[in-house]
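Participant: First the structure, which I've put down as structure tokens, then a few questions once you've had a look.
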Amino acid sequence: MITVLLFAGARDVIGSDRVTLVWTEAASVDALRARLSEEYPVIAGLLKSAMFSRGTSYLGREALVQPGDEVGMIPSVSGG
Amino acid sequence: MNRYHKQQLFAPIGEAGQRAIQHARVLVCGCGALGSVIADQLVRAGVGVVRIVDRDFVDITNLQRQMLFDEDDVRQQTPKAIAASEKLRRVNSEIIIEGIVGDITSETIRELAADVDLIVDGTDNYETRFLLNDWSLEKNIPWVHGGCIGSYGQVMAIVPGKTPCYRCILPEEPDPGTALTCDTAGVIAPAVHVIGSLEVSLALQLLTKTFDDSKPSIWHVDVWRGDFRKIDLTGLKEAGGCPACSGGQRDWLHGQRGARSAVLCGRNAVQVTPSSRAKLSLEKFRQDWQQLGVVTSNPYLVKLALNDGTSVTLFGDGRAVIGGTEEISVARGIYSRYVGQ
């Protein structure tokens, strides 16, 4: 399992501050993005421009998410 | 006692930092909610030249959060850059404050940003931010990015060659409709004040050469829930692969990307820009439009309010804000009917 902490618009749209996913082996952030998009189509648009983090570190597209990880999903913000 | 006494007492700034601030030239791009906060604090801090550029005029829905404007500005439809610069000149008459009514495009940025030391982001859209990022990388000028919506926002300082750039964190412009806008999610004043203030904090660090570019980060804040997250971006720069700062692409600066029409955030309006810059006689339009609807004007714009609820607000540079629609095609139709081309 992994836990995805949801921030900003993602939390508002899903109505919860986290979701959990069955995650049996290490896979990339891009794979996580695809998986979230599939399971939560309501945030598919936000996922395209969201960034991911683990702890306080940024996770690039190729970074591996391991079973047991807690990662944050932070959609980009464009207003001003 | 000089007016900057308390700021100079703050050790990281000190007298040397204050001198650096007073010698600096800073461009504030966009003067809505974030831009108001940014311009206000930069002017009070004593930045030598503060250039404020904005393409819009003051609307009643702005007053909830855009701290430099009031009901007189709404009545007179004062362009934000003018309203802001006039107010701020009363705050600090010892510096140069330039208010410029206009859009920041791949053409105009060459004049607007040619001579500045720093750019601070008060814009409300991705496109202008990608353009600022291209300019920053091309000219080796730092910029501070900030964005805000609802109760949250993000802030990041970009120093070319040292920190990741805006395109590192956002490789492609999000498709229209995929990101939240303040139309749907709204925005509250505490969020814009916090985000704008954090941008100025970074700006002052950059101007006083106290910014630590060895620890690049982006800050995410939610003022409603009290979340403050600082994400370390060190790995991002090392990973490389950014089309802009590693690959040298300047798609927005070279005009390959970027539209000539833009839906204005939260305004039920679309800005239409002519394909080439114009210098219009606003007086002529003011006369020609008399038979068509209610015409109002000030030295910077002429507005035609039509019976069907739409409106055309035309600026001297040929741009128009078409009110009452968010459809670009409808807005372009109205533009060609009443302005021409």
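Participant: Would you check if there is a residue in segment B:114-128 being of a type in the set (Asp, Glu) and surrounded by 23 or more Cβ atoms within 10 Å (Cβ to Cβ)?
Facilitator: Let us first name the residues in segment B:114-128 that are of a type in the set (Asp, Glu), namely B:115, B:117, B:121, B:124, B:127.
If we keep only those that are surrounded by 23 or more Cβ atoms within 10 Å (Cβ to Cβ) as well, we get B:121, B:124.
Looking through segment B:114-128, at least one residue is of a type in the set (Asp, Glu) and surrounded by 23 or more Cβ atoms within 10 Å (Cβ to Cβ).
One line per residue, one yes/no per condition, for (1) at the interface with chain B (Cβ under 9 Å from one of its Cβ atoms); (2) farther than 24 Å from residue B:195 by Cα; (3) open to solvent by 10 Å² or more (accessible area, probe 1.4 Å):
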position	(1), (2), (3)
A:20	no, yes, yes
A:32	no, yes, no
A:42	no, yes, yes
A:48	yes, no, yes
A:61	yes, yes, yes
A:64	no, yes, yes
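Participant: Still on this structure: Scanning for something surrounded by fewer than 19 Cβ atoms within 10 Å (Cβ to Cβ), touching an Asp or Glu at 6+ places or on another chain (Cβ under 9 Å) and on the phi < 0 side of the Ramachandran plot, does segment B:231-242 turn up at least one residue?
Facilitator: yes
Participant: Can you say whether residue A:10 is open to solvent by 20 Å² or more (accessible area, probe 1.4 Å), in a helix (DSSP H, G or I) and of a type in the set (A, V, I, L, M), as far as the supplied structure shows?
Facilitator: Here the answer is no, as residue A:10 does not meet what is asked.
Participant: If you go through segment B:143-162 one residue at a time, how many are more than 9 Å from chain A (Cβ to nearest Cβ) and surrounded by fewer than 24 Cβ atoms within 10 Å (Cβ to Cβ)? Spell out the reasoning first.
Facilitator: Just the residues of segment B:143-162 that are more than 9 Å from chain A (Cβ to nearest Cβ), to begin with: B:143-145, B:155-162.
Cutting the leftovers down to surrounded by fewer than 24 Cβ atoms within 10 Å (Cβ to Cβ) gives us B:159-162.
Within segment B:143-162, residues that are more than 9 Å from chain A (Cβ to nearest Cβ) and surrounded by fewer than 24 Cβ atoms within 10 Å (Cβ to Cβ) number 4.
Participant: Still on this structure, please answer the following. Please specify each residue of segment B:33-69 satisfying the condition of being open to solvent by 20 Å² or more (accessible area, probe 1.4 Å), at pLDDT 95 or above and within 15 Å of residue B:187 (Cα to Cα).
Facilitator: Hits for segment B:33-69 are B:63, B:64, B:65, B:67.
Participant: Does at least one position in segment B:12-29 carry a residue that is assigned to a loop (DSSP other than H, G, I, E, B), modelled with pLDDT of 95 or more, of a type in the set (Gly, Ala, Ser) and under 22 Å from residue A:78 (Cβ atoms)? Talk me through it step by step, then tell me what you get.
Facilitator: First pass over segment B:12-29, keeping only residues assigned to a loop (DSSP other than H, G, I, E, B): B:12-13, B:23-24.
Next, from what is left, pick out any that are modelled with pLDDT of 95 or more: B:12-13, B:23-24.
The next check asks that each one be of a type in the set (Gly, Ala, Ser); those that pass are B:24.
Restricting the remaining residues to those that are under 22 Å from residue A:78 (Cβ atoms) gives none.
No, segment B:12-29 has no match at all.
Participant: Would you call residue B:239 in contact (Cβ under 8 Å) with a residue 12 or more places away in the chain and small (Gly, Ala, Ser)?
Facilitator: no
Participant: Within segment B:300-332, work out how many residues are of a type outside the set (Asp, Glu), open to solvent by 30 Å² or more (accessible area, probe 1.4 Å) and over 22 Å from the mean Cα position of the chain (by Cα). So that I can check it myself, show each step before the final result.
Facilitator: The first filter runs over segment B:300-332 and keeps only residues of a type outside the set (Asp, Glu), leaving B:300-307, B:309-316, B:318-325, B:328-332.
Restricting the remaining residues to those that are open to solvent by 30 Å² or more (accessible area, probe 1.4 Å) gives B:300, B:303, B:305, B:307, B:309, B:324, B:328-330, B:332.
Those still in the list that are over 22 Å from the mean Cα position of the chain (by Cα) too: B:303, B:305, B:307, B:309, B:324, B:329-330, B:332.
The number of residues fulfilling the criteria is 8.
Participant: Do we find a residue being free of Cβ contacts under 8 Å to residues at least 60 places away in the same chain, in contact with a strand residue (DSSP E or B) (Cβ under 6 Å, 6 or more places away or on another chain), farther than 29 Å from residue B:46 by Cα and of a type outside the set (A, V, I, L, M, F, W, C) anywhere in segment B:212-223?
Facilitator: The answer is no; no qualifying residue exists.
The values are calculated or read from the model by the stated rules, or taken from the named source; none is laboratory data. Just so it is clear, the model here is predicted, and its values are computed rather than measured. So basically every Cβ, Gly included, is an ideal-geometry build from the backbone, and we count neighbours across all protein chains shown. With ligands, DNA and RNA removed, areas are computed over all heavy atoms of the protein, side chains included. Shrake-Rupley method; radii C 1.70, N 1.55, O 1.52, S 1.80 Å.
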